[in-house]
Structures are given as C-alpha cells and as structure tokens.
Amino acid sequence: MSDAITHEAHHHGPPTGAKRWLYSTNHKDIGTMYLIFALIMLFIGGAMAMVIRAELWMPGLQLVQPDFFNNLVTNHALIMVFAVVMPAGVGLANWMIPLMIGAPDMAMPRMNNMSFWLLPPAACMLILSMIVPFFGGGQTVNTGWTLYPPLSIQSGMGMDLLIFTIHILGVSSIMGSINIITTIINMRAPGMTMMKLPMFVWSWFYTALLLIVVMPIFAGGVTMLLFDRHFGTSFFDAAGGGDPVLFQHIFWFFGHPEVYVLLLPSIGVLGMVIPTFARKPLFGYKSLVYGMAALYGLGLIVWAHHQYTIGMSIETTTYFMIGTILISIPVGLMIFNFIFTLWRGSITFETPMLFALGIIVMFSFAGTTGVMLAVVPADLQYHDTYFVVAHFHYALIPGSLFGLYAAVFFWLPKWTGHMYNERLGKIFFWWTTIGFNLTFFPQHFSGLAGMPRRIVDYNMIFTEFNVMSSVGAFIFGLSHLLFLYIIIKTIKGGEKATDEVWEGSSIGCAGLEWTVPSPPPFHTFETAPQVK
Amino acid sequence: MTSNEDSYYLPDLSKWPIIAATAIFVTLLGVVFWVNGGSLWLTGVGLIGMAYMFYGWFSVVIEESRSGKYTPKVDRTFRMGMFWFITSEVFFFFCFFGCLFYLRTISLGWLGGEGAMGRSNMLWDDFTAAWPLISLPNGGAGLYTEAKEAMGPMGLPLANTLILLTSGVTLTWSHHGIKSGHRAQQVWGLGLTVMLGVIFLFCQAYEYYHAYVAMGLTLNSGIYGATFYMLTGFHGFHVAMGTLMLFVVFVRLLKGHFTAENHFAFEGVAWYWHFVDVVWLGLYLFVYWL
Ligand code: HEM
Ligand SMILES: [Cu+2]
C-alpha cells in the first residue's frame, strides 16, 4: 500500500498554543484530554463520596442535611458513571484503537473533538444542579441516579439541569460511539481482519454498539420527565392514565446495558494485560469475542431485575430472573478465559498485572452477589439495601475502575515514554485494594441485616460496620493522591520506556501499538502498515 | 496528493467542534431558565450560535468535498457515520413507541382493575380503561383536562400520509435523475420533495391548531394527548430538520455540486428522509388508526 494520508498542512509536529487542545483533531491529544477530564472528575466525585462516608460515620445527623445527602448520593453516582468511567474509557479508545488497528487517526477527527468538548459543559451543568437549590432553585435533586418519578417531578431546577446534562452527555457518547465503530470497521490497516483485532478493540466495538442502542432511549425517557415537569403531560402520573413504573422500565432498559458499557472496556484491557504478564497468548480469543456478543444480547433483555419489587406478574419476574442468571454464563466464561490464560504461564507481578489479578478475584464477588440478587425471592429482601450497594461497588470498582487503572499503568509508558515507578505502583495497588475492600465488604453484612441505602441516618446496630466502611473509604480516597503523584511523576520523567515497553508484550499481546516509538510521534501510521 | 483508493483525508485544527459544543450548552442552559420561568434570550443566543456553526462547519465540509479531498475511503466513513446516526434515531423513536405500547396494552389495563395485581383501580372506582383514553381516571379534575374527542385517521392525517409517501417517490426519482444525469428530473424531483415537506409541516401545524382549539386535545389531556403530541411532535421536528437539509441539498444541486458518482450529501439526506417516512407509517398505524 502506498502513501496514504493527506493532511491539510504538511507540518509534522504538534501545533502550538491553546489551539492545539481547543481545536484538536488528533486522536492522541483528544484521548489525553478525555483521560485528564476523567481524572479531575474522579477527584470531584470522590470528594462527594468522602462527605457521604463522613456523614455515615456515626448514626444521627452530623454534617449535612438529609436532602443534600441524597443530592450527594445522586451526583456522586452520575459523576462516576458518566464523567469518570465512560470518558476514561473513551480516552483509552481514542489513544489505543488507532494505534492498535494501524489507522492514522479516528475516522472523524473533528466530531471526535466535539464529543470531548461537550463534556466540560455537561460537568458544569451537573455541578450547577447541586448549587442552584442554595440560590432559590427549589427542591434539591434527592432521587438517586435513577431519577425515579414522582420524586424527580417534584425536584426543583436542579433536575432540569440534570436532564440536560444527560442530553449533552448522550449526544457526546453517541457521537463518540459512531466514531469508534466507524474507525474499527473502516480504518483497519490492510491485513488487520476483524478476527485479528486486539481484545480491547473488540470490547469497544460492543460497547459502542450498546451505547448507540441505549443512550437514545434514556434521552427519550428524561425528555418525557421534562415534559411531565413543565408541559403538563402525564406519562408518569396515573391520574392522567400514565404510570410511574414506565420510567423505571425506560431507565433500566438503558441502565442495565449501561453497566456493561462500564464493564466491557475494562474486560478488553484485561484481555491485553493478562496475556502480556503471563507471557502466553490469550486463551480462547474467539470464545471471548462471541461471549461478549452473548453478553450484549442478553444484557438488553434482562433490565427488570432491578424492579422485582414493583409488582410484576409471576411470569414476568420469572422470565427476568432466568435471563439474569443466564448472564452469569458469559461473565463466568470471561473469568475462566483469563484464568486459563494464566495457567502455566510464566507470570510476573507488575502493577497492571496486580490490578488484573485483583480484578479477577474481586469481580467474582460481584458475580456471586449478582446471582443472589437475581433470585426473586431473595432479592425481595436485598433490594434497596446496602447489599446492593456492595454488589455494584464490587462490580464497578474492580470491574471498571481498576481495569482503567490497569490500563493507565500498562500504557502510561507508551504514552509518555517513561516507566512509572514500579515500587510506588505496587504500593498504590495494595493501598487502594485494602481500602476498597475495607469500605465495601462490611456493606454486604449491614445490607443483609437490613440497612437501607440512600438514607442519611441508620439504626445504631449498624454502627460498627459503618465505622469500618468509613475508615476504609478514607484509606481508599487517600490512596488516590499517590495515584496522582505517580502519574505526574511519570509524565515529568523517569526511566526510558522501550518501544515494546513490556518484555511479554511480543508474546502475549503482540500488536501494532508496540511497533511505534514510546511516546509515539504526533502522527502515526501515515503509511498504513501491513499486517500479516 | 495521492488519490489512491486507500488514502485518507485528515482535517487540520478546526474551531467548529468547540463552537458547536458551546452553542449546545448555551442553548440548553437557556431552556433550563425558560422552563423555570425565565426568558428565552439565552436560548436565542445559543440557537444563533448553532446556526453560525452549521453554516461554517458545512461550508468547510462542502469546500473539502468540492476540492476532491474525499477519497472513496472517506466516503465510506461518511456513509457509516450516517447509518449509525440513523440507527440511534431509530432507537430514540423506539423509546416513544415502546411507551405507547406499554401504556396502552399493559398499564392502562391495570388502572382499570385487570390482571394479577388485584383491584389497582381502587383510587378511581368508576374508571374504565379504553383507548383512546378520553375520560381520565381522575375525571379531569386537578392537573389534567379531558379532551372532547380523539384524533381520527381520515382527513388531514391521511392526506399527510399520502404527502410523505409521494415525497419519498419524488426524492427517489430525483436520485435517479442524478445518477443518469437528467438535469430537469433532478431539480424537479428534489424541488417537489422540499415542497411536499413544507406542505406536510403546514398541515401538521393546522392539525395541532385544530386539536388544541376545537377538540380540546392538548398535552394536558392525559396520556392520550401526551403520547399523541410526543410522537407526532418529535416526528414533525425531524421532518422540519429533514426539509431544511433537503433545501440545502437543493441549493447545492442548483449550484451543480453533484455528479453522477459523487453526491453523498444527497444520499445521506435521502436516507434520513426515508427513515422519517417510515416512522410516519408507524405513527399513522399506531397513533391515528388502531
Ligand atoms: C453475573 C452478573 C450480574 C448479575 C446476575 C447482576 C444482578 C444484579 C441485580 C439482580 C441487581 C438488582 C439488585 C436490586 O436492586 O435489588 C443488580 C444491581 C446492580 N448491578 Fe449487577 N449483576 C451482575 C453484574 C454486574 C456488573 C458486571 C455490573 C457493573 C459493572 C453491575 C452493576 C450493578 C449496579 C450498578 C446495580 C445497582 C443499580 C442501582 O440500583 O442503583 N452488575 N445487579
Ligand atoms: Cu442489571
């Protein structure tokens, strides 16, 4: 294949000044912006969690008003889901997918930049939604991230801000997804067939497909909410013939697939990290590709397991129960694929690998509690207790967040050209893992004993568990200062990274991304590489 | 510059994306103020920004297209992009149709006391579930006012169906004209399509006016009015966008921008128009007719 790329201007270094970032059309710069944005929001969302845990340190009211507490719970979740995990995932996709498939850039570079620059305004709106109630903006948003009516219809202006936050984020992630799918289908280097795609690329392929399907549905749902609030419609009000439960169906039709949106990119990262440090090719590549397809299909038809208590018929709940339990088959398959990859590998324990192994162990907890929650008669007791909180934090923090951390440690040398400090990385892993488990493990017990979620106060009998959780949370929160320090230190300098970065990458996950220098030049693959 | 099959055009720095993001932000922030009793000026500013952005961004794209920068591979990108965009739109409408089915066939029955849940019509004892839902559970007291009658399928809605279907035909006719190089056929076909779009919009505006004033059917008249306006309203909005895009393409056609091989802008808009057409058929069937 011959010389392939035409640039408007034939300069080859990065442009200078603020325009480089504001007007960017470069996948690496945009990826970096996504990642930095996610990191900033991680600290904001994390600070909210710290306030929540400080409040729950003791029974009784300590720091915040009940409504504001619920507002913190709401915005903490929305920030973590929409402004941390999803943007970080897109940031990784931006950086790595073009490098992995041998493309010069994303398929639509300008739209790519627009997807990113929609995020800061959305974050502003999200934060504004917490502030306006203090300035006469009416009732705080105290619904939780699920925004159920009728409560969400009674909230003040903050809810409108949240609705439009969701619209903006929706537009951003739909555009991002269109870009990613198009890039994967259209921009592969010659010879890079679909079944040669690295696992991370496959995981994003499914994620993007999911987002294109479910984001518009959520957008429709919150639009109806807006109309019920301001234009006199009665979608969610039985007095006009509507049904508040309808909103729950819409929310979870989006919400359940959304948890896979959060999970899958990290599973893709594991598919790269584990083979590298086990120095063995990934076990069962095809089964993982098809397993993700199964997850995709099943994920779209099991949403009502979040609503067992709404009074559905026995037939309906049974259907959703069986569907949900079926999901553990592809999820289990992924875990087994990773375990078999480890089997008889020559394993070393660098930080990304520590995270990967930790994920396998801790995420399995979430899978187990998930199956418990899927069982209707059991869930009738667990629902809306801290058991659910424990379940989804075990799913989301190892399943999504630690996957992202693994990715950061795995690829940071590629991005910056410097190795991070391995000793600090390991300390961070143990510090954060201990903090995380101390925070959320006790919540299984307080939940089983009946402690309800999203309530500012609790019965005295739960005090010990909550003190443990709060101590754990502060340990967990503090560990992130070290994370920040490691990242900044690595950007500034450190041991030079080789092109391959990891000894095992040529064995475990050989790919185009390791053939370019670390850090890669501003433009890569201007001549499409040939993949054998 | 190589115009090789596999070469790809990468744009340089562009100010339009960030302008677009800002304009969207300002517009929506304005809407927040408006629905909370403020004025619409911020939305106005945002919309002006959007118009400026669309004009500027599309001018750049048209310019790039005319100077031959879009190789076949870039063309494929645009096609896929449009395809997935329309897919996401399909799911947006899927949401509203899903709600309509859920409300009509499931939850309305429960309100009327049907099903395994026992008498869920305890609140409103003499409520009978019927579709279209004219007499409301609370008898129209309080928040909602009952409509006098439901919208029938004959008359204007039928005319609108025929108008949209015809516009699909004229559009395809115009497309054939482009591919075979018949100038008059191109221009007439597309011109007629734009006109039919405008007529459709006028009919619908009149229909809304009639419904509000003569039939008392408003957003406020319970779930029937709510679903009616939500579905037809979002569809109408898409027709308006589609007509605008068709108009832009029409101007470009008059300027001679399209060749028999290279006219993706035309095709993309045509796909969109057909999609809007199909949505209407669903609407006609489930909202007006059944
Ligand atoms: C074997 C797989 C899984 C099963 C069977 C499962 C099952 C469930 C069930 C039944 C609930 C509802 C509990 C209730 O509210 O009463 C639930 C909640 C939840 N799950 Fe899972 N789950 C699984 C995996 C995951 C994964 C992989 C994630 C995310 C990465 C996740 C995230 C969540 C979240 C966020 C909630 C709570 C949402 C809320 O109420 O705010 N789950 N899960
Ligand atoms: Cu779920």
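Taken together, the values in this text are just the output of simple stated rules run on the coordinates, not laboratory data. Note that the structure is a prediction, hence the values are computed from the model and not measured. Note that each Cβ is placed from the backbone with ideal geometry, even for glycine, and that neighbours are counted across all protein chains shown.
Of all residues in the range B:156-173, those that are touching a residue at least 60 places away in the same chain (Cβ under 8 Å) and in contact with a helix residue (DSSP H, G or I) (Cβ under 6 Å, 6 or more places away or on another chain) total 7. Residues of the range A:176-185 include at least one that is at the interface with chain B (Cβ under 8 Å from one of its Cβ atoms), surrounded by fewer than 20 Cβ atoms within 10 Å (Cβ to Cβ), free of Cβ contacts under 8 Å to residues at least 60 places away in the same chain and not polar (S, T, N, Q). If the condition is being outside any loop (DSSP other than H, G, I, E, B), farther than 18 Å from residue B:283 by Cα and within 13 Å of chain A (Cβ to nearest Cβ), then the range B:210-244 contributes B:212, B:222.
When you check residue A:315 against the structure, is it within 30 Å of residue A:433 (Cβ to Cβ), more than 14 Å from ligand 2 (Cβ to nearest atom) and of a type in the set (Asp, Glu), yes or no? Taking the combined requirement at face value, the residue does not satisfy it.
Of the residues in the range A:201-241, how many are over 30 Å from residue A:95 (Cα atoms) and assigned to a helix (DSSP H, G or I)?
Selection size over the range A:201-241: 14.
Among residues of the range A:291-305 that are closer than 17 Å to residue A:375 by Cα, those with a Cβ under 9 angstrom from a residue that is part of a helix (DSSP H, G or I) and more than 15 Å from ligand 2 (Cβ to nearest atom), sequence gap 6+ or separate chain, pair up as A:298/A:329; A:304/A:316.
Residues in the range B:213-255 that are farther than 22 Å from residue B:168 by Cα, without any contact (Cβ under 8 Å) to a residue 60 or more places away in the chain and crowded, with 17+ Cβ neighbours inside 10 Å: 3 in all.
The single condition among (1) touching a residue at least 24 places away in the same chain (Cβ under 8 Å); (2) at negative phi that residue B:68 does not satisfy is (2). Just the residues that are out of contact with any Phe, Trp or Tyr (no Cβ under 6 Å at 6 or more places or on another chain), within 16 Å of ligand 2 (Cβ to nearest atom) and either not in a helix (DSSP H, G or I) or not polar (S, T, N, Q) (or both), please, taken from the range A:389-418. Scanning the range A:389-418 gives A:389, A:391, A:392, A:395, A:396.
For residue A:253, the conditions (1) more than 14 Å from ligand 1 (Cβ to nearest atom); (2) assigned to a helix (DSSP H, G or I) are fulfilled apart from (1).
Would you please name the residue that is farthest from the other protein chains (Cβ to nearest Cβ), looking only at residues in the range A:301-346 that are surrounded by fewer than 18 Cβ atoms within 10 Å (Cβ to Cβ) and within 8 Å of ligand 1 (Cβ to nearest atom)? So the residue we want is A:332. Scan the range A:114-150 for residues that are part of a loop (DSSP other than H, G, I, E, B), free of Cβ contacts under 8 Å to residues at least 60 places away in the same chain and over 23 Å from the mean Cα position of the chain (by Cα) and the total you get is 3. One residue stands out in the range A:351-369 among those that are crowded, with 21+ Cβ neighbours inside 10 Å and of a type outside the set (A, V, I, L, M): the one that is nearest to residue A:146 (Cα to Cα), namely A:363.
I'm checking my understanding of the structure. Among residues of the range A:73-113 that are under 20 Å from residue A:455 (Cα atoms) and in contact (Cβ under 8 Å) with a residue 40 or more places away in the chain, which one is surrounded by the most Cβ atoms within 10 Å (Cβ to Cβ)?
We begin by selecting, within the range A:73-113, every residue under 20 Å from residue A:455 (Cα atoms); these are A:73-80.
Imposing the further condition that a residue be in contact (Cβ under 8 Å) with a residue 40 or more places away in the chain reduces the set to A:73-75, A:77-80.
Details: A:73: 23, A:74: 28, A:75: 24, A:77: 18, A:78: 21, A:79: 24, A:80: 24.
Restricting to residues being under 20 Å from residue A:455 (Cα atoms) and in contact (Cβ under 8 Å) with a residue 40 or more places away in the chain, the top hit is A:74.
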